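The structure appears below as structure tokens.
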Amino acid sequence: MPFHLSRMIESCWIFGMTVCLFFALITFSVTGISIYNVALIAIDRYFAISNPFLYAEKVSVSNICIVILSMWIFLVSYTSALLYFNGNSTGLIMCPEQCLFVLHEIWSLVDLVFIFVVPCSAIILFYALVFVIAKKHATAIREINVQSKGSKDMADSMKSERKAAKVLSILVSVFVACLFPYFVSTLISNAIETQLIYNLSILLQLNSTINPVIYALFYPWFRKCLKIILTLQIFRRDSALLNVQ
């Protein structure tokens, strides 16, 4: 973020080419990691709701660490290859040295597929499956309540179903709204200004700021985890068993 702020207030890049390359590597990598984290959460939620008993048995801390580490290695390697094969794309606009990376047409298409299409498809697919399964559960509960004449339970079931649909639609809508303009602009980079692409990249990164807020607002389990982390209770051995309100 300090380098981003510097680019916003300074007309020139003042940190040199080496720092520029490092900055680009980190920026591209962590943005992709953030996007894939959202996709992994969608897959995790689907696995948890579709195979609850298998989930408790297979999803261990070590397995999750392996998945996350593999994702980091893949995305850092992908970003390194993207920057290397894309070549020198820093523009000489106002100063002898600028740190503005513009992807070539082929790499823009590759980046669109790997960083937008693949994770976005996974998010939409698995959250749609989660909603379908949740809807089946809610329907089954309503049928039981109708037989037992439990009108209050049926109303709660319908309310829960509407809330689930609302949360999932907000998650997907925010994700697409933040990412889609940037990736479209990179595909038509020859027809628009480089500064506009940079401004849209800020919107892309803003998605990583918005996601935790959405999860904190709508998911009690996320609020609980966040509170445990911020109050440093995460360092307790029994932190996974804490009942934080």
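The values are calculated or read from the model by the stated rules, or taken from the named source; none is laboratory data. Predicted model, so just to flag it, every value in this text is computed and none were measured. Cβ atoms come from the backbone with ideal geometry, glycine included; neighbour counts cover every protein chain shown.
A few comments on the model shown:
- Total residues in the stretch 46-83 satisfying the condition of being part of a helix (DSSP H, G or I) and either of a type in the set (Ser, Thr, Tyr) or at positive phi (or both): the figure is 9.
- Selection from the stretch 215-237 of residues that are assigned to a loop (DSSP other than H, G, I, E, B) and farther than 24 Å from residue 173 by Cα: 231, 232, 236, 237
- Counting the residues of the stretch 95-138 that are more than 30 Å from residue 166 (Cβ to Cβ), aliphatic (A, V, I, L, M) and crowded, with 19+ Cβ neighbours inside 10 Å gives 1.
- Close pairs (9 angstrom Cβ cut-off, 6 or more residues apart or separate chains): closer than 22 Å to residue 204 by Cα in the stretch 1-22, of a type in the set (Lys, Arg) anywhere: 13/7
- Taking the criterion of being in contact with a Phe, Trp or Tyr (Cβ under 9 Å, 6 or more places away or on another chain) and farther than 18 Å from residue 120 by Cβ, the residues of the stretch 27-66 that qualify are 27, 29, 47, 48, 49, 54, 55, 58, 59.
- The number of residues in the stretch 166-196 being at pLDDT below 70 and surrounded by 13 or more Cβ atoms within 10 Å (Cβ to Cβ) comes to 3.
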